[in-house]
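All remarks here apply to the structure that follows.
The values are calculated or read from the model by the stated rules, or taken from the named source; none is laboratory data. In this text the structure is predicted, and so the values were computed from the model without any measurement. Don't worry about glycine lacking a Cβ; one is built from the backbone with ideal geometry, like all the others, and counts go over all protein chains shown.
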Amino acid sequence: MRIRRSGLEVHVDPIGVDEPSEADFVLLTHPHYDNFSEADIERVRGDHTVLIAPASMKKQLDGADHFMRPGDMLQLEGFDVLAVPAHNVDKKFHTAEQGWLGYVFTIDGTTYYHAGDTDFLPAMFGIRCDVAFLPVDGYYTMGVEDAARAGDACGAEMIIPIHWGETHGTEDDVARLHELFGREVGVLPRRS
């Protein structure tokens with residue numbers, strides 16, 4: 001995911017980057033192959049890019065600027081970011097012990113929540129955002145019903161579904177999210 005707004009460029013888990021880009025901030029959620037690409041990080045990383053990652057990735061990631069744990073807040077010049085938990089509840093793909101993250105940050109008055117790969121968590125009631133990037137695959141992460149519940153819990157005006165269309169989660173699931181969530185659902189173009 002990439003956001004360009006008000007002169008800032010933020011990437012969360014850059015992967016498959018296919019156009020020139022230089023990030024101001026790169027936020028990493030966890031080290032799974034479909035979220036973590038050292039080549040893509042280097043592709044978007046410039047001399048002044050700030051790289052932020054979970055503290056549990058210290059051994060595998062050289063050169064990160066900041067390592068965070070769930071609940072940590074980082075205040076940087078023009079950019080504040082809150083690390084929030086991202087894990088499964090009844091699955092073993094993303095465990096709480098791994099300390100993997102989602103992030104909440106604000107750019108130009110709009111607050112974004114990127115949930116990372118997670119199930120619905122009670123902590124989502126403590127998040128406030130305008131736009132929520134929520135996984136909906138229903139196998140490795142929460143499904144559409146819980147994504148709609150998460151969008152309501154964090155007060156999102158818009159949900160953008162992520163983590164679908166590869167091996168799990170279909171266009172029908174995204175259409176169901178439109179039915180379940182009472183506000184806007186924005187669908188980003190799929191990479192080919």
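Would you be able to say whether some residue in the stretch 100-112 is touching a helix residue (DSSP H, G or I) at 6+ places or on another chain (Cβ under 8 Å) and either basic (K, R) or at pLDDT 95 or above (or both)?
Yes, the stretch 100-112 contains a residue that is touching a helix residue (DSSP H, G or I) at 6+ places or on another chain (Cβ under 8 Å) and either basic (K, R) or at pLDDT 95 or above (or both).
Can you name the residue in the stretch 123-145 that is out of contact with any helix residue (DSSP H, G or I) (no Cβ under 8 Å at 6 or more places or on another chain) and assigned to a strand (DSSP E or B) and is also farthest from E184 (Cα to Cα) among such residues?
So the residue we want is F133.
Taking E22 and the conditions (1) within 21 Å of I160 (Cβ to Cβ); (2) in contact with a Gly (Cβ under 6 Å, 6 or more places away or on another chain), which numbered condition does it fall short on, given that it satisfies the others?
Unmet condition: (1).
Check the stretch 100-108 and report whether any residue there is surrounded by fewer than 22 Cβ atoms within 10 Å (Cβ to Cβ), more than 15 Å from the chain's Cα centre (by Cα) and free of Cβ contacts under 8 Å to residues at least 24 places away in the same chain.
No, because not a single residue in the stretch 100-108 is surrounded by fewer than 22 Cβ atoms within 10 Å (Cβ to Cβ), more than 15 Å from the chain's Cα centre (by Cα) and free of Cβ contacts under 8 Å to residues at least 24 places away in the same chain.
It is to be established whether one or more residues within the stretch 65-77 are in contact with a Phe, Trp or Tyr (Cβ under 6 Å, 6 or more places away or on another chain) and either at pLDDT 95 or above or assigned to a loop (DSSP other than H, G, I, E, B) (or both).
Within the stretch 65-77, not a single residue is in contact with a Phe, Trp or Tyr (Cβ under 6 Å, 6 or more places away or on another chain) and either at pLDDT 95 or above or assigned to a loop (DSSP other than H, G, I, E, B) (or both).
Exactly one condition in (1) in contact (Cβ under 8 Å) with a residue 12 or more places away in the chain; (2) assigned to a strand (DSSP E or B) is not met by L61; state its number.
Tallying (1) in contact (Cβ under 8 Å) with a residue 12 or more places away in the chain; (2) assigned to a strand (DSSP E or B), L61 fails exactly one: (2).
Any chance you could count how many residues in the stretch 25-51 are buried (at least 22 other Cβ atoms within 10 Å of the Cβ) and under 22 Å from I160 (Cα atoms)?
Matching residues across the stretch 25-51 total 6.
From the residues in the stretch 153-188 that are of a type in the set (A, V, I, L, M), touching a residue at least 12 places away in the same chain (Cβ under 8 Å) and farther than 13 Å from M142 by Cβ, which one is surrounded by the most Cβ atoms within 10 Å (Cβ to Cβ)?
Per the criteria, the residue is A156.
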